[in-house]
1. If I ask for residues that are outside any helix (DSSP H, G or I) and either in contact with an Asp or Glu (Cβ under 7 Å, 6 or more places away or on another chain) or at pLDDT 95 or above (or both), which ones from region 173-195 would you list?
2. Test ASN81 against the stated conditions and say whether it is touching a helix residue (DSSP H, G or I) at 6+ places or on another chain (Cβ under 8 Å), of a type outside the set (Asp, Glu) and at positive phi.
3. Scanning for something within 20 Å of the chain's Cα centre (by Cα) and under 19 Å from ILE65 (Cα atoms), does region 163-173 turn up at least one residue?
4. For region 221-238, give me the residue count where each residue is in contact (Cβ under 8 Å) with a residue 60 or more places away in the chain and crowded, with 19+ Cβ neighbours inside 10 Å.
5. Under the condition of being assigned to a loop (DSSP other than H, G, I, E, B) and crowded, with 24+ Cβ neighbours inside 10 Å, which residue from region 83-110 is modelled with the lowest pLDDT?
6. What's the total number of residues in region 29-64 that are closer than 20 Å to ALA127 by Cβ, basic (Lys, Arg) and either in a strand (DSSP E or B) or in contact with a Pro (Cβ under 7 Å, 6 or more places away or on another chain) (or both)?
7. Is there any pair with a first residue in region 41-60 that is in contact (Cβ under 8 Å) with a residue 12 or more places away in the chain and more than 19 Å from GLY110 (Cα to Cα) and a second that is hydrophobic (A, V, I, L, M, F, W, C) and surrounded by fewer than 22 Cβ atoms within 10 Å (Cβ to Cβ) whose Cβ atoms are under 7 Å apart and which are 6 or more apart or on different chains, and what are they?
Amino acid sequence: MIDRRTLLLASMAMLLPAGTSATWRLGSPSPQTFDYGPAKLDIYSRDGASRLPVVFFIHGGAWRIGNRVNVNAKPAFLLDNGFCFVSIDYRMLPQADVATQADDVELAYGYVRANIAQHGGDPDRIAVMGHSAGCHLAALTGLRGGLPGVAALVLVDTRAYDLETLAESGGMTRAYARAFPDPAQWRALSPVTYVGGDKHPPTFVAYSGASGRAAASRSFAARLRATDTKVTLFDGSAYSHMSINRNFGNEGDALTAAVMTFLKTTLVSRFRNSHQFDIKSSANLRIEAH
């Protein structure tokens, strides 16, 4: 497990690619917006870029609210660090149920994989990242095989990995009950159901100090590790449920450092020929990854 205090003490300058300024811009650059079918997505890229790794982001909001512009510092930071960045909309409750939302995510991913090369991205180096409801959707689609060729999953703070266990523990609060009203669908909509099927991509699992997140995330990570999936577990208990997402890309942020290290250490074989993604490892970072 990554120790958050150690990460906070690590030099962020050591995690930046060579030749990149350590000043992180909080404002987002302007994206290009595309209609992928049921909804829209934004692609952020640099002019003249070619075959850069891609972060594909799924926003949270209890499966009911939120939209693709809720990205905070992510686009500016990731573009400055040699990535393309994509943020998607998907249809919301109550107009679309969670099963339909997962289908939307898969359609958006398919669109990006087919078209990202035109915007300087590499379709074979897409990391899918989600927060809260978006974390659940990323895990569900990524593990059930709905994101073909996905290079990595970055899962940030949900309790919805195993809905049957969540209900048994008394954790089916109003937000979850509205999203998952039919117990007959809980197994199909639980990411844990698909653990142990096809080989899973390297997975980063982060949890905040919000109720139940640590236990659910640790259990899920253990299930993945039992299948020899490469897993990094991040203890973000000092964060709130909102700040663990909102702070990503801010200077000195521990989760940002951990995610960037994960992308370097788990995807090195895909990145080794890219001079634009040359993160130096810090001796102070301690990562438990299988």
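The values are calculated or read from the model by the stated rules, or taken from the named source; none is laboratory data. The structure displayed is predicted, hence computed values, not measured ones. Don't worry about glycine lacking a Cβ; one is built from the backbone with ideal geometry, like all the others, and counts go over all protein chains shown.
1. Result: PHE180, PRO181, ASP182, TRP186, ARG187, ALA188, LEU189, SER190, VAL195.
2. Values: touching a helix residue (DSSP H, G or I) at 6+ places or on another chain (Cβ under 8 Å): yes; of a type outside the set (Asp, Glu): yes; at positive phi: no.
For ASN81, the condition - touching a helix residue (DSSP H, G or I) at 6+ places or on another chain (Cβ under 8 Å), of a type outside the set (Asp, Glu) and at positive phi - is not met.
3. No, the conditions are met nowhere in region 163-173.
4. Matching residues across region 221-238 total 6.
5. PHE83
6. Going through region 29-64 one residue at a time, the tally reaches 0.
7. ARG46/LEU79
Condition check ((1) of a type in the set (Asp, Glu); (2) farther than 24 Å from PRO94 by Cα; (3) touching a Lys or Arg at 6+ places or on another chain (Cβ under 9 Å); (4) touching a residue at least 12 places away in the same chain (Cβ under 8 Å)) across all residues:
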{"residue": "VAL112", "(1), (2), (3), (4)": "no, yes, no, yes"}
{"residue": "GLN118", "(1), (2), (3), (4)": "no, yes, no, no"}
{"residue": "GLY134", "(1), (2), (3), (4)": "no, no, no, yes"}
{"residue": "ARG159", "(1), (2), (3), (4)": "no, no, yes, yes"}
